[in-house]
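Quick note: the coordinates plus some simple rules give every number you see, no bench work behind them. Just so you know, these numbers come straight off a predicted model, no measurement behind them. Using ideal geometry, Cβ is built from the backbone for each residue, glycine included, and neighbour counts are taken over all protein chains shown.
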Amino acid sequence: MDEKDRSILLLLEENSRTSPSEIALLVDLDEREVVERISAMEETGIIRNYTALIDWGRTGDGQIAAIVELKVSPERDHGYDKIAGRIARFRNVRALRLVTGTYDLHLLVTGRSMHEIASFVAEEIAPMDGIRETATVIIMKSYKENGALFVERDEADRLTYSF
């Protein structure tokens, strides 16, 4: 992994549809070498997936999201990994992280309604062995996701820049 690889990753993270020829121009490499580097990073698991970032609020389908925080009793010899593996299998769990602070695990959960999310937490997550406490926060509006702004910004509305 060198600076060229990091540059390729940043470009793909910003827009996974950036073509190898465009990446080659931006990082000063041959297109064939870009394709080889991307393939190598896919094979080693550095690049895990290519996805589309969807603004579900604009689709009108009523999908909502919530942050669910969990206090967990870690298992002997497995720590948090075993319970995290069980939770990760649920399709509506969009992200799952081990975090510092008051809670141990941080989930991003989606559903069609607050009731669906509440039922999921109450019936599937809370009863699991090792779950000591849950806290659910409904996401009311997303302003930025994965580096992409979800709100229209006025061109005159610039951040101040100072030394």
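Listed values, structure above:
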| quantity | calculated |
| --- | --- |
| Cα lying deepest toward the dipole's positive end in the chain, options Thr102, Met128, Ile46, charges on Cβ | Met128 |
| Percent RCO, i.e. relative contact order, over the chain, from Cα pairs under 8 Å lying at least 6 residues apart | 21 percent |
| Descending semi-axes in whole angstrom, ellipsoid equivalent of region 3-43, from the Cα gyration tensor | 12, 12, 10 |
| Likely footprinting exposure, Lys141, Lys4, fewest C-beta neighbours within 10 Å first | Lys141, Lys4 |
| Pair Asp2, Ala88: separation of 7 Å Cα→Cβ label points (nm) | 3.2 nm |
| Pairs of alpha carbons in region 56-145 whose separation is greater than 16 Å (percent) | 52 percent |
| Listed residues Asn49, Asn15, Asn92, most fluctuating in the chain (Gaussian network, C-alpha, under 10 Å) | Asn49 |
| FRET efficiency for Glu124 and Leu26, using Cβ-Cβ distance with R0 set to 41 Å, rounded to 0.05 | 0.40 |
| Gaussian network model of the chain, Cα within-10 Å springs - most flexible of Thr44, Thr102, Thr59 | Thr44 |
| Sequence-distant residues sharing a close amide H with Asp104 (under 5 Å, placed H) | Leu70, Lys71, Val72 |
| Net length gained if the chain between Arg48 and Ile138 were fully extended (0.36 nm per residue, minus Cα distance) | 29.6 nm |
| Sites Glu14 and Phe150 - FRET efficiency at Förster radius 22 Å, r taken between beta-carbons, to 0.05 | 0.90 |
| Residue exposure sequence - His115, His106 - by fewest surrounding Cβ within 10 Å | His115, His106 |
| Fewest-first sequence of Met41, Met140 by Cβ atoms within 10 Å of each Cβ | Met140, Met41 |
| Close Lys-Lys pairs in the chain, where close means Cα under 28 Å and separation is 8 or more or interchain | 4 |
| For the chain, alpha-carbon Rg relative to the globular expectation (2.2 N^0.38 Å, N residues) | 1.32 |
